Amino acid sequence: MLVEAGKDESLHCCCRWMGGFSGRAFQKSFARIFAEMNSKLFIVMAVVKLFVAGCATQRYQPSAVFANSVVTPVPKSNISPTETELIQRAFVQILKPFDGEQWRELFDGVSLAGWRETDFKQGGSVAVTNGLLVFHRGQPFVGINHTSEVPSLNYEVAFDAMRLDGSDFFCALTFPVRESFCSLIVGGWGGGLVGLSNVDGADASENETMTYVSFESGRWYRIRLRVTEQKIEAWIEQKKVVDLVTTGRKLSVRFGEILMSQPFG
């Protein structure tokens, strides 16, 4: 998982991920992850819970993980909430559970076991606080990498993400596709761009996967990524936002420190 500093002076987001991987039945899930970036008045916050589900292409059936999330509005206040208040607001909001069985936690809620901090040159720090992963802003990146083997085909990743404030990057996930890697960008380039970086050398702002979503602060969005033999697909809530046939296409990660998020982070 990667969180990037944006251009706004203040940005808050939270994500809740669930995930697992499968060749057949190998499945795992992230617990909540909370990310914070702070430089001067710039703050990025994310709480994440991730599911990654494996799928067998020959008898694949679309999963029903996209039950509508339950949205609890964040109370408005003229006083800037403290970090503790922001974490609490994100934590107490109720979300419908993801459908499916045999999920196992990837984050144990007390340590970074199974993860390592991404070694960005001027990266921020990561801590575990109240069962959440807290990411302190780097220059400009902060992130974590999964340390176990991950699948490269026939798997899904699903997670809930929320931006609490601001209007720029609040989520990016780098993932494997066969022998290559790619990144799903959510809320980039000013806060609304969604797409894949890179396709045939073009990043998410310059290829056909580019689309725009008007993200509301204080609302959970259920995001799902599916990687199969012929396609990369992604949904935000019930809307399909990426439907890319990968046959004959060159997939890669944008040049620079983001490469360090490979293979999964």
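Close Cβ contacts (under 7 Å, 6 or more residues apart or on different chains) running from residues in segment 218-236 that are on the phi < 0 side of the Ramachandran plot and crowded, with 17+ Cβ neighbours inside 10 Å to residues that are among the charged types (D, E, K, R) and not in a strand (DSSP E or B) comprise Tyr221/Glu237; Arg222/Glu237.
Where residues in segment 237-254 are in a loop (DSSP other than H, G, I, E, B), modelled with pLDDT of 90 or more and out of contact with any helix residue (DSSP H, G or I) (no Cβ under 7 Å at 6 or more places or on another chain), which of them is surrounded by the fewest Cβ atoms within 10 Å (Cβ to Cβ)? It comes out as Gly248. Residues that are out of contact with any Phe, Trp or Tyr (no Cβ under 7 Å at 6 or more places or on another chain), more than 20 Å from Ile258 (Cβ to Cβ) and at pLDDT 95 or above do not occur anywhere in segment 182-202. Exactly one residue out of Ser214, Ser167 is surrounded by fewer than 19 Cβ atoms within 10 Å (Cβ to Cβ), over 17 Å from Phe141 (Cβ atoms) and in contact (Cβ under 8 Å) with a residue 24 or more places away in the chain: that is Ser167.
Each row is one residue, and each column tells you yes or no for (1) out of contact with any Ser or Thr (no Cβ under 6 Å at 6 or more places or on another chain); (2) assigned to a strand (DSSP E or B); (3) of a type in the set (Val, Ile, Thr).
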| residue | (1), (2), (3) |
| --- | --- |
| Phe169 | yes, no, no |
| Pro176 | no, yes, no |
| Ser183 | no, yes, no |
| Gly187 | yes, yes, no |
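Annotation for segment 159-169: no member residue is closer than 30 Å to Ala113 by Cβ, at pLDDT 85 or above and touching a strand residue (DSSP E or B) at 6+ places or on another chain (Cβ under 8 Å). The one condition from (1) surrounded by fewer than 22 Cβ atoms within 10 Å (Cβ to Cβ); (2) more than 21 Å from Gly248 (Cα to Cα); (3) out of contact with any strand residue (DSSP E or B) (no Cβ under 7 Å at 6 or more places or on another chain); (4) not aliphatic (A, V, I, L, M) that Gly191 does not meet is (1).
The values are calculated or read from the model by the stated rules, or taken from the named source; none is laboratory data. All of these numbers come straight from a predicted model, not from anything done at the bench. So basically every Cβ, Gly included, is an ideal-geometry build from the backbone, and we count neighbours across all protein chains shown.
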